[in-house]
Amino acid sequence: MRIISFTEGQQAKSTYRNQCYMSELHKAGHQMLRVSSLFECERIHFAAKSDLLLLTLKTITEGHLAFIARLMHFSPVSLIVCTEKVNENQLTGLLRCGRITYIPQTLCASRINAVIELALLRFKMANHTLAKIAQLEQKLVTEQSIYQAKSKLQSVGLNEQQAHRQLQRYAMQQGSTLAAVAKELCK
């Protein structure tokens with residue numbers, strides 16, 4: 001696992017902390033890549049299965065939130081955010097997508113590997129949940145399309161069962177799915 005680390009704030013403490021992190025990460029077989037700016041982070045090609053981003057911030061700003069939103073939209077990756085100060089609205093915004101692990105205050109080096117495991121599990125579960133939601137939304141759209149097609153056929157005198165059988169016949173004749181035929185009929 002490649003851990004990309006961005007630390008903002010006190011350089012002397014963060015250098016020592018990064019050395020402690022690197023020691024613990026090395027024990028677990030992880031690599032640590034330190035970056036000096038969020039701009040540099042944005043230039044990295046993240047791999048969701050093999051990368052994790054660790055942001056250590058003094059306080060969360062709108063710029064940080066915008067960066068995190070872009071990252072989660074274009075290149076979702078496991079993300080750990082450590083910060084000393086955060087308000088409730090910012091915390092709600094961070095946690096909304098479910099892919100982010102928030103650590104208040106400073107992350108202790110002895111716990112870093114356990115927190116990484118937690119972040120990876122949260123990311124995996126959030127991705128599973130988001131995929132399931134997308135699947136259910138698509139199923140709902142399909143069901144609505146079929147319902148509308150049946151309603152259209154019922155408006156010309158067929159009952160619901162006859163309308164459904166007619167849609168099935170169209171689908172079989174065209175070698176298509178019921179959903180595709182319903183969508184075509186509703187155009």
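The values are calculated or read from the model by the stated rules, or taken from the named source; none is laboratory data. These numbers come from a predicted model, not from an experiment. We place every Cβ from the backbone using ideal geometry, glycine too, and count neighbours over all the protein chains shown.
What the table shows:
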quantity	calculated
Residue check, I103 β-branched (V, I, T) and either in a helix (DSSP H, G or I) or under 15 Å from the mean Cα position of the chain (by Cα) (or both)	no
Set L118, L107, L79, L53: member being within 20 Å of Y16 (Cα to Cα) and modelled with pLDDT of 90 or more	L53
Subset of the stretch 1-60 (residues that are of a type in the set (A, V, I, L, M), surrounded by fewer than 16 Cβ atoms within 10 Å (Cβ to Cβ) and within 18 Å of R99 (Cα to Cα))	A47, A48
A131 vs. criteria within 21 Å of I4 (Cβ to Cβ) and either loosely packed, with under 12 Cβ neighbours inside 10 Å or more than 12 Å from the chain's Cα centre (by Cα) (or both)	no
Residue in the stretch 67-76 that is surrounded by fewer than 19 Cβ atoms within 10 Å (Cβ to Cβ), modelled with pLDDT of 90 or more and not in a helix (DSSP H, G or I) present	yes
Flag if N87 is more than 19 Å from the chain's Cα centre (by Cα), buried (at least 18 other Cβ atoms within 10 Å of the Cβ) and over 25 Å from N127 (Cα atoms)	no
Single residue of I103, I146, I116 found to be surrounded by 12 or more Cβ atoms within 10 Å (Cβ to Cβ), in contact with a helix residue (DSSP H, G or I) (Cβ under 9 Å, 6 or more places away or on another chain) and not assigned by TED's automatic domain parsing to the domain that holds L55	I146
Contacts under 9 angstrom Cβ, first residue in the stretch 63-87 being among the acidic types (D, E), partner exposed (fewer than 15 other Cβ atoms within 10 Å of the Cβ) and part of a loop (DSSP other than H, G, I, E, B), 6 or more apart	E84/G9; E84/Q105; E84/T106
